[in-house]
Structure formats: structure tokens, C-alpha cells
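What follows is a set of notes on a single structure, which appears directly below.
The values are calculated or read from the model by the stated rules, or taken from the named source; none is laboratory data. Quick caveat, the model's predicted, so the values are computed rather than measured. Cβ sites come from the backbone with ideal geometry, for glycine too, and all protein chains shown count toward neighbours.
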């Protein structure tokens, strides 16, 4: 007797193979040119701080790990409730503490709808505007895929 085909088992097996083989996000999802450019920019950075601990920040961190970019030092967030906590293996710092600890880091802003305000905040704290990127997950065309 042949085994009955189970779609859920096959999909779970494929997902596990992708995870085990560490296949890049770009190969899994035929990532957009925006995503490709951003990942190449981030790959060059020695220290990265992700600004924002919401879904976008978590998704970006997951993408960077899949892409084998290991230079993320911490998260930072304006939310007092989140500061001092951990997200995965990284600390969540206040923006001021992140700038003090990582003055030469590259800052990636993730909060949806607050990019301009956070960019201004970081520049006022002394971060060079050329060391700041706003990552727009929708432009990466991966929102529903991660």
C-alpha cells in the first residue's frame, strides 16, 4: 500500500530543508532589487544597530541572520517599556545608550511611519546621516513571505 500524500508534511519538509541549507532570502523569494541593494549595503557594515523592536525590526533581524550578516550589535527603541529587555540574543537599548556604546555603528530604522522623526533624532544625537538607513519592508517585497 502506498503512503497517502500530505501537503502539510511536504511543505514542512521543504521549509526544514531551506532552514537546514541556510538558503538566502533572495534565493527563496526572488527578492526585489531594493532588497538586494540594502543587503549589500548592510553586508559592508562592521556594526549595525536596528532601531525598532516591532515586527519590522524582528523581520529585518531574521533576514540579516539568514543572509549571514552577523554585525548586528543590538536593538534600540524609544519605548521605555522595551528598553533593558532582550530580543533573541540581543539587548534592547535606549537610542542614547546605543549611540554612546556604538558611536560608529550603522543604524537601520524600521518603525513604520516614523522614519523621518527617528532619522532626525539620530542626527541630533550625533549620528552621521550617511550612517543611517530606513528599511522599508514593503519595498523588499517580502512582507508576507517571512
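Can you find a residue in segment 40-52 that is more than 24 Å from residue 138 (Cβ to Cβ) and either surrounded by fewer than 18 Cβ atoms within 10 Å (Cβ to Cβ) or in contact with a strand residue (DSSP E or B) (Cβ under 7 Å, 6 or more places away or on another chain) (or both)?
For segment 40-52, residues more than 24 Å from residue 138 (Cβ to Cβ) and either surrounded by fewer than 18 Cβ atoms within 10 Å (Cβ to Cβ) or in contact with a strand residue (DSSP E or B) (Cβ under 7 Å, 6 or more places away or on another chain) (or both): present.
Of all residues in segment 91-130, count the ones that are closer than 11 Å to residue 49 by Cα, within 17 Å of the chain's Cα centre (by Cα) and buried (at least 18 other Cβ atoms within 10 Å of the Cβ).
Total meeting the criteria: 10.
Can you work out which of the residues in segment 131-142 that are at pLDDT 90 or above and over 14 Å from residue 57 (Cβ atoms) is surrounded by the fewest Cβ atoms within 10 Å (Cβ to Cβ)?
131
Filtering segment 44-60 down to residues that are modelled with pLDDT under 95 and not in a loop (DSSP other than H, G, I, E, B), which residue is nearest to the chain's Cα centre (by Cα)?
60
Do any residues in segment 104-124 that are without any contact (Cβ under 8 Å) to a residue 40 or more places away in the chain and at negative phi have Cβ atoms under 8 Å from those of residues that are part of a helix (DSSP H, G or I) and surrounded by fewer than 19 Cβ atoms within 10 Å (Cβ to Cβ), where the two are at least six apart or on different chains, and which pairs are they?
The qualifying pairs are 119/129; 123/129.
Checking residue 37 against (1) surrounded by 13 or more Cβ atoms within 10 Å (Cβ to Cβ); (2) modelled with pLDDT under 95, which single condition isn't satisfied?
(1)
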